[in-house]
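Please read the structure below before turning to the comments.
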Amino acid sequence: MTEETPARVNMEKIVSLCQRRGFIFPGSEIYGGLSSCWDYGPLGVELKRNVKEAWWRAVVQERDDVIGLDASILMHPRTWAASGHLEGFADPLVECKGCHLRWRSDELEGDRCPSCGGELTEPRLFNLMFKTFMGPVEEEASVVYLRPETAQGMFVNFQNVVNTTRKRLPFGIAQIGKAFRNEITTGNFIFRSREFEQMEIEFFVKPGTDEEWFNYWLEERLNWYVKLGIKRENLRLREHTKGELAHYAKVCYDIDYLFPMGWAELEGVANRGDFDLVQHASFSGKSLDYFDDDTKERFIPYIIEPSAGVDRSFLALLCDAYDEEPDKEEIRVLLHLHPALAPFKVAVLPLSRREQLVKAAKEIYADLRQCWMVSYDDAQSIGRRYRRQDEIGTPFCVTIDFQSLEDKQVTIRERDSMNQIRIPIAELKSTLEAKLSGEDLFVLPPGGQIWKEDD
Ligand code: ATP
């Protein structure tokens, strides 16, 4: 985190919404929770899947120069010697002699314990990797680590990918997966935890073209957040100072987001040079160079790495989408989530629980579920049900009323404007599909009409 900025939405509101509506629960809650571990609930799992899906779509599906990988979390221990994590992946830590709380000395302002004011020990380096044992014997030889980043899986598979896909430079490998860091200071909800998910690209380029590709990816990644609805003024680029720069990086920028607690890193984009492939070639004894058929040159590619966090993206998207509007005597809470991200795309709401209405509504519900995640709600007044859907970001509500049984029409209500149209049931799927892709609500299908502006 860097300098203070006035909060737009406070974290308590986000945490409360997440717990109240089932986006995120404290991990192992019935046992009192486990520090900084979080469980994604029924709505959270959908939003999280959609974030990953949107990333995969943008960086793999829609491109022909990036392919995917899903490497094992446990890797050969030599990987971490080669990568520098065994030696370098450590934070300086001090412990309070009074209350025994531990702190990162580089984050402390004074020289006393921030909690009790007690005296602190000398800093010592604390490795952030989680250790575990492979096989039944707990001895040094069987020590393995939970990966602290997904990146290494892509470096060690570089040659496998080149050989099997016949990809030529420049090309990238993309991966989404869990990473684990025994962080000393966690907090700010899911912003910093010990188990989290990353979405990383390792983009291999010819040395000399690296600066151009670095700039390309920085721009590309920034735009991804903007396309998903994050306001541009809440994003900024920040170059790492010489002191911050990781041992492997030639240059690195953070894409920062204005979180409730201030500006903080959402994603890092680094030019890693040839560090990784040189290291793995030297530690494994295997050649990791590349032969350029056109120029007949042999060289070690440079790597540009955009490294994003799933959980931090989730939090930023949620904070940015959160809104409160005055609504009669109450406050309307709504999430302006991009339709691609919303946990439910549509909610089906019969006006009452009368048998005929429920039957018609259930038929529509079953039909729409073939295409999207759809919610069904018949409890309480229609107004309350609309508010419940607004609060979880459902872009469209379909209401079935008594007239629907006669005229075979239903209303569609849009979350953000609250405007409504009435259309034939036969046109429902295609209309929803068009609206979810961004078509204006008032572009009507045959037989459709504007029903109500606002509720
Ligand atoms: P920070 O400086 O905030 O600790 P970092 O620079 O160590 O982050 P990277 O190693 O660049 O982070 O990891 C890439 C991305 O992975 C980060 O931008 C972030 O989105 C995510 N990430 C890293 N550590 C955590 C964590 N402890 N909890 C949640 N996400 C994380």
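In this rough spin-label picture, where each label sits 7 Å from Cα along the Cβ direction, the residue 327-residue 139 distance is 6.5 nm. If you model region 262-348 as an ellipsoid using its alpha carbon gyration tensor, with each semi-axis the square root of five times an eigenvalue, the axes come out at 49, 15, 11 Å, biggest first.
Each peptide in 292-304, 387-399 receives the mean, over its residues, of other Cβ atoms within 10 Å, and ordering these scores from highest gives 387-399, 292-304. For the chain, averaging the sequence separation of C-alpha pairs within contact (under 8 Å, six or more residues apart) and dividing by the residue count gives a relative contact order of 13 percent. For region 100-114 versus region 136-168, the inter-centroid distance based on Cα atoms is 35 Å. The portion of the accessible surface of region 40-155 made up by carbon and sulfur, rounded to a whole percent, is 51 (1.4 Å probe; DNA, RNA and ligands excluded).
May I ask you to give the percent of accessible area on region 305-370 that is carbon plus sulfur, with a probe radius of 1.4 Å? Don't skip to the answer; put the middle values down first.
Values: 1370 of 2930 Å².
Carbon and sulfur atoms account for 47 percent of the accessible area of region 305-370.
Counting only residues at least eight positions apart within a chain, or on another chain, the lysines with an alpha carbon under 24 Å from that of residue 242 are 250.
Taking a ≥ b ≥ c as the square roots of the Cα gyration tensor eigenvalues, with a/c under 1.5 meaning rounded and otherwise prolate when a/b beats b/c, else oblate, which class fits region 91-167? Oblate, because a/c is 1.5 or more while a/b does not exceed b/c. Ordering 180-187, 32-39 by mean Cβ neighbour count within 10 Å, with the highest value first, yields 180-187, 32-39.
About its Cα centre, region 247-405 has a charge dipole of approximately 760 debye under the convention of +1 per Lys or Arg Cβ and -1 per Asp or Glu Cβ, with nothing else charged. Between residue 370 and residue 97, full extension at 0.36 nm per residue minus the direct alpha carbon distance yields a gain of 92.2 nm. Please state the shape class of region 325-455: rounded when a/c is under 1.5, otherwise prolate if a/b exceeds b/c and oblate if not, all from the C-alpha gyration tensor. Cα axes put region 325-455 in the rounded bin. Across region 185-304, Cα pairs under 8 Å and at least six residues apart give a relative contact order of 27 percent. Using every pair of separate Cα atoms, the Kirkwood estimate puts the hydrodynamic radius of the chain at 24.9 angstrom. Note on residue 328: lysines with a C-alpha under 19 Å away, same-chain residues under 8 apart excluded, are 452. Computed with a 1.4 Å probe over protein heavy atoms only, the accessible surface of region 136-292 comes to 41 Å² per residue. Its Cα centre serving as origin, the chain has a Cβ charge dipole (Lys and Arg +1, Asp and Glu -1) of approximately 1080 debye.
For a straight C-alpha distance cut-off of 16 angstrom, the lysines reachable from residue 52 (same-chain residues fewer than eight places away being disregarded) are 178, 227.
At full extension, residue 250 and residue 122 could sit 42.9 nm farther apart than now, given 0.36 nm per residue minus the alpha carbon distance.
For the peptides 278-288, 238-248, 201-211, the ranking by packing is 201-211, 278-288, 238-248, with the highest mean count of neighbouring Cβ atoms within 10 Å listed first. According to the calculation over all Cα-Cα pairs in region 225-315, the P(r) per 10 Å bin from zero is 15, 34, 26, 17, 7, 0 %.
Projecting the Cα atoms of 358, 15, 381 onto the dipole axis of the chain, where Lys and Arg carry +1 and Asp and Glu carry -1 at the beta carbon, places 358 farthest toward the positive end.
The values are calculated or read from the model by the stated rules, or taken from the named source; none is laboratory data. Everything quoted here is computed from the prediction, not taken from an experiment. Using ideal geometry, Cβ is built from the backbone for each residue, glycine included, and neighbour counts are taken over all protein chains shown. Heavy atoms of the whole protein, side chains included, go into the accessibility calculation; ligands, DNA and RNA do not. Shrake-Rupley method; radii C 1.70, N 1.55, O 1.52, S 1.80 Å.
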